[in-house]
Amino acid sequence: MADTKPALVLHLASGGEPLLFALPEEGLAELASRLPLWLEHGSTESVQTKEEFRISVNFAQVAVAYIDDLQRKGKVFGLR
């Protein structure tokens with residue numbers, strides 16, 4: 001099986017290119033379960049990146065957030 005490269009993808013409400021942050025494998029399920037709540041409440045949350053940085057994200061400014069595998073060959077959203 002191919003290695004995965006999980007990333008947090010943020011599309012800002014103001015538009016522009018999405019922001020991509022590489023994520024560590026551990027904790028992905030928990031992060032994925034919390035994203036909808038953070039978006040719904042517009043909270044500011046801290047996320048650990050693969051490079052061991054902590055970033056703070058103001059989800060009130062985020063239109064769409066999801067975890068994607070950057071290793072996938074096709075990059076069309078919603079297709080496998």
Quick one: length gained pulling Leu20 to Ser46 fully straight, 0.36 nm per residue minus the C-alpha distance?
-> 7.9 nm
Taking a probe of 1.4 Å, how large is the accessible area per residue of the chain, in Å²?
-> 72 Å²
Quick one: helix 28-41 against the long Cα principal axis of the chain, what's the angle to the nearest 10°, folded into 0 to 90?
-> 30 degrees
Ignoring everything but the protein chains, give the 1.4 Å probe accessible area of Thr44 in square angstrom, nearest 10.
-> 90 Å²
Dipole magnitude of the chain, debye to nearest 20 (Cβ charges: Lys/Arg +1, Asp/Glu -1, about Cα centre) | 300 debye
Compactness of segment 1-75, expressed as Rg and Dmax over alpha-carbon positions, Å = 12.3, 38
For the chain, build the charge dipole from Cβ charges (+1 Lys, Arg; -1 Asp, Glu) around the Cα centre, then report which of Ala63, Trp38, Leu28 sits farthest towards its positive end.
-> Ala63
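Please give the net charge around Thr49, taking every other residue with its beta carbon less than 14 angstrom from that of Thr49, where Lys and Arg add +1 and Asp and Glu add -1.
Details: positive: Lys5, Lys50, Arg54; negative: Glu25, Glu26, Glu45, Glu51, Glu52.
Counting the neighbours of Thr49, the net charge comes to -2.
The values are calculated or read from the model by the stated rules, or taken from the named source; none is laboratory data. Values in this document were obtained by computation on a predicted structure and should not be read as measured data. Methodologically, a virtual Cβ is constructed for each residue, glycine included, from the backbone with ideal geometry; neighbour enumeration extends over all protein chains shown. Accessible surface is based on the protein model in full, side chains and every heavy atom, while ligands, DNA and RNA are left aside. Shrake-Rupley method; radii C 1.70, N 1.55, O 1.52, S 1.80 Å.
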